[in-house]
Every structure is written in structure tokens, then in C-alpha cells.
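J.: Here it is, the structure in full.
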Amino acid sequence: MDASAYTPVIVMLCGCGDARRGRLEMKTLLLLGALTVPVIAFAQPTPDPAELEPMVVTATGHPTAAADTLAPLLVLTRAEIERSQASDLAELLRFFAGVELGRNGGTGSTTSVFIRGGESNHTLILIDGVRVNPASSGGAALQNIAPAMIERIEVVKGPRASLYGSDAIGGVINVITRNSADGGSAEAQLRGGSYNTWDGSLRGSYAGPRGSISVQAQQLQTDGYAALVDYGKRAGYDRTSLNLDGRLDVGAATVGAQLWDSRGEAEYYGYDSVSFDRVVVAQNYRNQVAAVDARMPFGPGVEGSLRWSQMLDQIDQQRNADFIETDRSGIDGTLTWRHDLHRVTGGLGFIKEKVDAASYGTMVAEDRDLLSLRLQDEVSWGANQVVAGVTWTDYDFFGARWDGSLDYGYAISSNTRIVASAGTGFRAPDATDRYGFGGNPDLEPEAAKNYELGWQQRLGKNQRLDLRIFQSDVDNLINVICDASFNCTAVNVDRYRNQGAELTYTLRDLAWSATLTGLLQDPEDRSTGQQLLRRAKRSAAVKLQRDFGAWNAGLDLLTSSSRPDFGGQQLGGYALVNLLGGLRVNADIDLRLRVENLLDKDYQTAGGYRQQGASLYASISYRL
């Protein structure tokens, strides 16, 4: 197979070959194509690629080799996270086509994520498998998740309600925090750079014959930059994070406990209540996940698990009495049976949510219960592979619904597999939809259907190509409608469709690491026929890393076409380039350098908010 054949495919997916799209996008995609050829042509298989193949859990709920999953999947390993020197989860996700971000400012600012054209609240965010999307409004606080705490990130695209219930429409992002599995160790890291940014982390772990424990603390402070267009003041950010993990073997069972906590202060742009002039205001925030779990074998091929979890999402405004809080606790049990060709999993979950909020004098208070039953069967025989799942979910305010997914793969050869998938998803109305401004307690869930065809190709032992063609339809979208007297009511009225093709190439080698992604899509508001806000029709991205013994160097490149925003604004297309470098001084000390926005491009992902210009960051890490 001619490696250079992939270059025109990526250019086609971005749609930037037409000169009318702009010389910047054209040059960027030529660079992307030029990088693709040498990576595919010269990367050599390693003697033991099994060590390089990450195991993932999000696609099926069980540890599975990434190459064996049928679902469209992206994985960031710990090594890639360390090399990136990113300040938050959003920065780690930025350089993947089809995972679009909208940021109202710099580090610590409100960040929305759009996967496959979905709404910002159509992506489910998990931390160690525990949902952290608030039940109040909007999406999870990506900006408050520190990369220093993360072992691995798994992104699964498309509806996954059969495993995860509400919000998993565009996709699922599962953040796996660092644990004590790596044995006894200690490490410290310090990073500093532009905008008076300082970021420090300390971590220690211990492993004994019956158990293990790890403790990590992180602190970030930045003065930020003047992100608001035509306003010169900076918006700063402080974050303190804590991560605890412990495992204990009790007979045949394993008991574990986790705690992740992030809290601090975020400044943002608001208005003075008297003069209505622009001012910098601040809020205190806290995000927390705690869990206790146990796993126990019950006989040949049978294993059970039980988990209790609690999540807290809290914001308190400093200038007024407004606040918002989601408190969610739940218990979930699963039973897995392996027999011959099958791996069958049944699960039962119960969640209790409590929302309290005050916004401009409007009070919101709601308690709600959720009960779910799920069943999944994974079957492999000959060249065939099937993953079928179904779930029944009962919300005490709108009743019950059924959702399901079906993935089928057929191996044409040992290196080639075709995939067909179908699935449904939903988003339950949140407390603001029901009781906030224009709230309507009779709202129905937003409902989604997704169909896709795929081609998975192995290129040697450690390279993969994944091509997907998909269509997603979402109905009953919630929108607030106002009459001439400004009497407003939230109703299920809108709908959208997104059709597209996406290409993902991954390489995992002892010397090379690369992920190249391209997306061509048509996210359409079917009520108006217009392009969906903040979603580009074409994008392409490269994450490329090369080790040269003690040295390593990397390149992150993203190009995105124009897209509309609120108020009739049109956000222009842009290309973003980051350079990364590192030096291993000895077995214990690493030095790293990151140049952000190398070309100093002026661009926006949310109308009125400029993104970070050219900036420089350096870090040192020490391990015992």
C-alpha cells in the first residue's frame, strides 16, 4: 500500500485545497500532508508492540486493547500528556479534529466541547468512570482538570447511552486519573512561563504485597491575559488539586478508593451592576469526585463489582449572592459472565441528584432520582465481532426510556476490518431547563440516533488507520421561545443533523508517536437550515512526537475552517502550531519546553474572546 495515498484523503477531509478557503489553510494542510508521508513510510515496528498498545475501558466498560475496539476511539497516554505541558484538559483535547472547543478567554475560563457537531452539553465527561456533568446547566468544567493528575484520556465518539445514560450523544470523554499501579515512586514537577504562570506538582506512591496507595497535589496560578476584545484587563486563575488512590487485596476481592478534588478562584469578564461597564469579576469553584469500589470473582468466568460514588460541582460568585451546586451520589453494581464466545455484562445503577442555585434572584432547587438497568453482550466468532447493548432508564420527572447500541465488525483479513454501527442517546432536561428562566417542568428529553460505517486498517504492527462515515440526528432540542411581551418558555422545538466523514491515523512506536485526524462534516440546524454555531465544517490536526535518545521533539498542528457564532458573528478559520521539546538529563531529571501558538495567530473560538498569542513555557521534573 502506497503510504502517500493518505495525503489527499486528509486534504479532502479538511476541504482546504480550494484556494478560496484561504492561503493559510492551504499551506497548513500541505504541511500536514508532508508530515504524514515520512511518519508512515519510515516508522518501523518495535520488537514488542504489545507494550505500546493501550488498554481502554470506555468503549465497552471492560479493559480492551485499543486496536480491538469497534467504536471510534482516541487515546492520550501518560507519556503524551507529559510531553504536551498543557495547562488543563481542554488544551489536551484541542489538537484532535472533530473535538472542537469554545473558550471564553484563557486558562480557567469557561470551556465548551463539541464532538461530531453535538451541543456543548451532548458530551459526557467522566472521571474514573464517574459522571461529572452538572445537573444544573451546561457541560463539565474541563478547565479545572489538571493534566498532572491524568494517567490516560479515552474519547469515544457517537451515542453511548446503552452504557452511560444521559448526555452521551456526541461522545464520551473518560479521564483516568493516576493511581498506585506503578509501584513505589516519588516525583516533583515545576512549570513556569508566559502571563506569570506557575504550576507545581508533588506525587508519591507505595506498593506492598497486599495493596498500594498514591497521593498527589498540584497548584497552578496565572495572571492570564487580556482575552476580551477591546478590553485591556487580564483575567487570572488559581487552581489547587488533590488526587488520592488506594488498593487493598482482601482474600480474592480487591477493594479500592479514589478521591479527586479541584478548587480555586477564576476571574472572568462581567458588567458593573450600576454603570454596566465591563469589569473583571471572580468566582470560587470546587469540583470533587469520591468513590469506593470492590471487585470479587464468584466462580469460573464470573466476576462482580460494586461501586459507590459521589460528585460535587459548586460555584459561588464573589460580587453577589449567586451560586450553583450539583450534589450527586450513586451506587452501581455489575456482574460479568465469560463463556466460550461471549462476554455478557449486566448492571444496575441508582443515582440521587440534588441541585440548588440562585441566579439574578431566580431560585432553582430540585431533587431527582434515577434508576437504570443495562445488559451488554460481546461476541466473537471467526471473522465476526459484535457488541450489543441495551439500557432502561427511569427518571422520576419524565418517566422511562429504552436506548441501545449495536456495533458489528467483520475482519476481511488479519489487517483489515469493516464496521457498521447504530446507536441512540438522550439528554435529560437539566434543572435550569425545568425551573430556570422560562423553565418548563414538562420538557421531554433530547433524543439522538446515530448510524455509521467504518474501515479499520492495520499498517504493520503498530500503526492504524480508521475511516468513518456517519450521520447523527437529534430531535426535541430544548430552546427558550419568547412572545412579543417577552413571556418566555422552554420547549422541545429544535432539531439538527450532522453528516460527515472522519479519518484517524495513529502510530505508537518506541521512537515515533503520532496521531493525525481529519474531519469533513455538515452540522445543520434543521429548523433553520443554517450551520450550527461554533462548529466548523472542516478541520485537520497533527500530534507528532520523535525521540532522539535523550532528546525528544514534537509538533502540534490544528487547522479549522470558519464557523458562525451568536449574534450573527462569523468566526474566521485559523491554523495553530505548537512546538514541544524535551531533554532527559539522567534517569531522574527531565527538562521540557513548549512554544504555544508559534505563529502568533489572532483567532477566536468564541465571539469576542481572543485566544492565547505566542507564549513560552518550561518545566523540570524530578523522579526518585
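The values are calculated or read from the model by the stated rules, or taken from the named source; none is laboratory data. Quantities reported herein were computed from a predicted structural model and do not represent experimental measurements. Methodologically, a virtual Cβ is constructed for each residue, glycine included, from the backbone with ideal geometry; neighbour enumeration extends over all protein chains shown. Just the protein is used for accessible areas: all its heavy atoms, side chains included, with ligands, DNA and RNA removed. Shrake-Rupley method; radii C 1.70, N 1.55, O 1.52, S 1.80 Å.
J.: Which shape class applies to the range 498-563: rounded if a/c is under 1.5, otherwise prolate when a/b exceeds b/c and oblate if not, where a ≥ b ≥ c are the square roots of the Cα gyration tensor eigenvalues?
T.: prolate
J.: Under the 0.36 nm per residue contour assumption, what length would be gained going from the current alpha-carbon distance of K354 and R319 to full extension?
T.: Here the segment from K354 to R319 would lengthen by 10.1 nm.
J.: Express the relative contact order of the range 136-193 as a whole percentage, based on alpha carbon pairs under 8 Å and six or more residues apart in sequence.
T.: Numbers: 49 pairs, mean separation 18.0, N = 58.
Relative contact order here is 31 percent.
J.: Mind jotting down the distance between the C-alpha centroids of the range 345-378 and the range 185-228, whole Å?
T.: Spelled out, the Cα-based centre of one part sits 32 Å from the other.
J.: Set the Förster radius R0 to 22 Å, insert the Cβ-Cβ distance between K449 and A388 as r into 1/(1 + (r/R0)^6), and round the FRET efficiency to 0.05.
T.: 0.85
J.: Below 8 Å between Cα atoms, with a sequence gap of 6+, how large is the relative contact order for the range 65-166 in percent?
T.: Working: 127 pairs, mean separation 35.9, N = 102.
35 percent.
J.: Calculate the length of the line joining the C-alpha centroid of the range 453-531 to that of the range 577-624, in whole Å.
T.: 28
J.: I've got another one for you. Can you tally the net charge around L503? Count Lys and Arg as +1, Asp and Glu as -1, for every other residue whose Cβ sits under 11 Å from the Cβ of L503.
T.: Taking every Cβ under 11 Å from that of L503, the sum is -1.
J.: For a distance above 45 Å, tell me the whole-number percent of Cα pairs in the chain that qualify.
T.: Cα-Cα pairs of the chain separated by over 45 Å account for 13 percent.
J.: Report the Rg/Rh value for the range 469-624, based on alpha-carbon coordinates and the Kirkwood definition of Rh.
T.: 1.13
J.: Amide H of I127: which non-local residues (sequence gap of 5 or more, or other chain) have their own amide H closer than 5 Å, using H built in the peptide plane?
T.: For I127, whose amide H was placed from the backbone, the distant partners under 5 Å are V132, V175.
J.: Still on this structure, please answer the following. Pull out a ≥ b ≥ c, the square roots of the eigenvalues of the alpha-carbon gyration tensor of the range 261-353, then state rounded if a/c is under 1.5, prolate if not and a/b is larger than b/c, and oblate in the remaining case. Could you put the intermediate results ahead of the total?
T.: Values: a/c = 4.43, a/b = 4.00, b/c = 1.11.
It comes out prolate by the Cα gyration axes.
J.: Ok, one more. Name the shape class, rounded, prolate or oblate, that the alpha-carbon gyration tensor gives for the range 149-244, where a ≥ b ≥ c are the square roots of its eigenvalues, rounded holds for a/c under 1.5, and otherwise prolate holds if a/b is larger than b/c and oblate otherwise. Don't skip to the answer; put the middle values down first.
T.: On the way: a/c = 3.55, a/b = 1.17, b/c = 3.03.
It is oblate, given that a/c is not under 1.5 and a/b is not larger than b/c.
J.: Moving to a separate point now. Is it possible to state the helix-based mean residue ellipticity at 222 nm for the chain, with each DSSP H run of 4+ residues giving -39500 (n - 2.57), the sum divided by total residues, to the nearest 500 deg cm²/dmol? What is it? Please list the in-between numbers first.
T.: Values: 6 runs with 50 residues, N = 624.
The per-residue figure over the chain is -2000 deg cm²/dmol.
J.: With θ set to phi - 60°, apply the Karplus curve 6.51 cos²θ - 1.76 cosθ + 1.60 along the range 605-617 and write out the HN-Hα couplings as whole Hz, x wherever there is a Gly or Pro.
T.: 10, 9, x, x, 10, 6, 9, 4, x, 4, 8, 9, 9
J.: Working out 0.36 nm times the residue gap between V344 and L510, then minus their Cα-Cα distance, what length gain in nm do you get to one decimal?
T.: Working it through step by step, the gained length comes to 56.2 nm.
J.: Here's another thing I want to ask about it. In whole angstrom, note down how far apart the Cα centers of the range 59-131 and the range 383-417 are.
T.: 21
J.: Could you order W381, W512 so the one with the most accessible surface comes first? Probe is 1.4 Å.
T.: Ranked list, largest accessible area first: W381, W512.
J.: At 1.4 Å probe size, with the rest of the protein present, what percent of the exposed accessible area of the range 242-382 is carbon and sulfur atoms?
T.: The C+S portion of the solvent-accessible surface of the range 242-382 is 60 percent.
J.: Return one whole number: the accessible area per residue of the range 289-330 in Å², for a 1.4 Å probe.
T.: Each residue of the range 289-330 exposes 52 Å² on average to a 1.4 Å probe.
J.: To continue, here is another question. Using a Förster distance of 25 Å, how high is the FRET efficiency between R495 and A422, based on the Cβ-Cβ distance and rounded to 0.05?
T.: In this case the efficiency is close to 0.85.
J.: At a Förster radius of 25 Å, what calculated FRET efficiency corresponds to the Cβ-Cβ distance of L406 and H62, to the nearest 0.05?
T.: 0.90
J.: Extension gain D223-A186, at 0.36 nm per residue separation less the Cα-Cα distance, in nm?
T.: 10.4 nm
J.: Give me a comma-separated list of calculated 3J(HN,Hα) values for the range 163-179, in order, Karplus coefficients 6.51, -1.76, 1.60 applied at θ = phi - 60°, integers in Hz, x for any Gly or Pro.
T.: 9, 10, x, 5, 5, 7, 9, x, x, 10, 10, 10, 9, 9, 6, 5, 10
J.: For a protection proxy built on the mean count of beta-carbon atoms within 10 angstrom, sort 81-92, 191-202 highest first, please.
T.: 81-92, 191-202
J.: Quick check: at a probe of 1.4 Å, how many percent of the accessible area of the range 137-237 sits on carbon and sulfur atoms?
T.: Carbon and sulfur atoms account for 56 percent of the accessible area of the range 137-237.
J.: In addition: If Lys and Arg each add +1 and Asp and Glu each add -1, what is the summed charge of the other residues whose beta carbon sits under 11 Å from the beta carbon of Q318?
T.: On the way: positive: R319; negative: E265, E267, D316, D322.
For residues surrounding Q318, the net value is -3.
J.: So what is the accessible area of the range 517-557 per residue, in Å², with the probe set to 1.4 Å?
T.: Solvent-accessible surface per residue comes out at 39 Å².
J.: Tell me the net charge near V386. Cut-off is 15 Å between Cβ atoms, V386 excluded, with +1 for each Lys or Arg and -1 for each Asp or Glu.
T.: -3
J.: Please name which of V491, W455, V474 has its Cα lying farthest along the dipole of the range 447-534 towards the positive end, using unit charges on Cβ (Lys, Arg +1; Asp, Glu -1) and the Cα centre as origin.
T.: W455
J.: Which whole-Hz ³J(HN,Hα) couplings does the range 345-361 yield from phi under the Karplus relation 6.51 cos²θ - 1.76 cosθ + 1.60, θ = phi - 60°, glycine and proline marked x?
T.: Whole-Hz 3J(HN,Hα) from phi for the range 345-361: 10, x, x, 9, x, 9, 10, 10, 10, 9, 10, 10, 7, 9, 9, 6, x.
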